[in-house]
Ligand code: AMP
């Protein structure tokens, strides 16, 4: 474990890279409340809104950064996933996060992926249908971090709505005592939901991507929205009304975007 210094030279954030080191800290924190924000890095204001919720509601905030190979169903998506650890560290230090947890795949998967969490119903549709295995990987790593960190509360974005439902379902089914807190989707001014994958869009595509939230928030039916998106040149995986939300996944070039809005 080592400490970053802020410009005034005061210790600002503990960076923890070993599970045992974290366990010692967790013991010392005792009954103090702990908020966990679980991310894959390349942090933006969407992640930071989760951090701010956690800081308001807990004595200490832990951010985990780990790009989980198990939840990528395409090797190329995993390889291209933006890795910006230095920038992420300074952003978290500026936002006065107490602990940054960076664990290795060897430490997190001592079983070489042989133990996995499977959900058999909602994980099979929408994202689950288009990204087979994604939710197994996601639930498995979320459970590992909940067990390692032992947070009082853990924070997830509504941007990944199906993921949020699955995490709530898993923690309920497995008697995990951490509270799962959902946080509203943070959007750019023109409406596009912030996402690490947006960085792979060129300037023109980024402009174009604003059609997605605009159409989702319109009064059109899902079928009509699919037509409009296809006319505009998007490849559409789905636009569906479900769980009192309108959820969509589309491709712009080789970048896949997901979004959802309340109905
Ligand atoms: P990721 O790093 O993409 O795995 O995301 C980590 C957490 O941040 C997840 O709980 C996401 O749902 C959440 N998140 C990502 N983008 C946003 C956003 N634009 N608004 C709110 N939460 C977000």
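The values are calculated or read from the model by the stated rules, or taken from the named source; none is laboratory data. Just so it is clear, the structure is predicted and the values come from calculations on it, not from any experiment. Note that we place each Cβ from the backbone using ideal geometry, even for glycine, and neighbour counts take in every protein chain shown.
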key: Set 151, 110: member being out of contact with any strand residue (DSSP E or B) (no Cβ under 7 Å at 6 or more places or on another chain) and either assigned to a loop (DSSP other than H, G, I, E, B) or surrounded by fewer than 20 Cβ atoms within 10 Å (Cβ to Cβ) (or both)   = 110
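Looking at segment 221-236, which of its residues are touching a helix residue (DSSP H, G or I) at 6+ places or on another chain (Cβ under 7 Å) and farther than 11 Å from residue 252 by Cα?
Once the filter is applied, which keeps residues that are touching a helix residue (DSSP H, G or I) at 6+ places or on another chain (Cβ under 7 Å) and farther than 11 Å from residue 252 by Cα, segment 221-236 yields 225, 228.
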key: From the options 159, 168, residue that is within 20 Å of residue 58 (Cα to Cα), within 16 Å of the chain's Cα centre (by Cα), within 13 Å of the ligand (Cβ to nearest atom) and part of a helix (DSSP H, G or I)   = 168
query = How many residues does segment 223-249 hold that are surrounded by 16 or more Cβ atoms within 10 Å (Cβ to Cβ) and farther than 18 Å from residue 158 by Cβ?
reply = 7
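Suppose the filter is crowded, with 17+ Cβ neighbours inside 10 Å and within 13 Å of the ligand (Cβ to nearest atom); does residue 185 pass it? Reasoning before the result, please.
Numbers: crowded, with 17+ Cβ neighbours inside 10 Å: yes; within 13 Å of the ligand (Cβ to nearest atom): yes.
Yes.
Collect the residues in segment 24-52 that are in a helix (DSSP H, G or I) and more than 6 Å from the ligand (Cβ to nearest atom), keeping them in residue-number order.
Result: 24, 25, 26, 27, 28, 29, 45, 48, 51, 52.
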request  = Look through 215, 143, 220 and report the one residue that is away from the ligand (no atom under 14 Å from the Cβ) and outside any helix (DSSP H, G or I).
outcome  = 220
note = Checked segment 171-180 for anything surrounded by fewer than 18 Cβ atoms within 10 Å (Cβ to Cβ) and not in a loop (DSSP other than H, G, I, E, B); matches are 172, 173, 179
query = Somewhere in segment 25-35, is a residue closer than 26 Å to residue 133 by Cα and crowded, with 19+ Cβ neighbours inside 10 Å?
reply = no
task = Examine segment 14-21 for a residue that is in a strand (DSSP E or B), away from the ligand (no atom under 16 Å from the Cβ), over 21 Å from residue 139 (Cβ atoms) and at pLDDT below 95, and state whether such a residue exists.
result = no
remark   = The lone condition residue 74 fails out of (1) under 20 Å from residue 144 (Cα atoms); (2) loosely packed, with under 13 Cβ neighbours inside 10 Å; (3) within 16 Å of the ligand (Cβ to nearest atom) is (1)
inquiry  = Quick check on segment 89-98. Is at least one of its residues within 15 Å of the ligand (Cβ to nearest atom), in a helix (DSSP H, G or I) and under 15 Å from the mean Cα position of the chain (by Cα)?
reply    = no
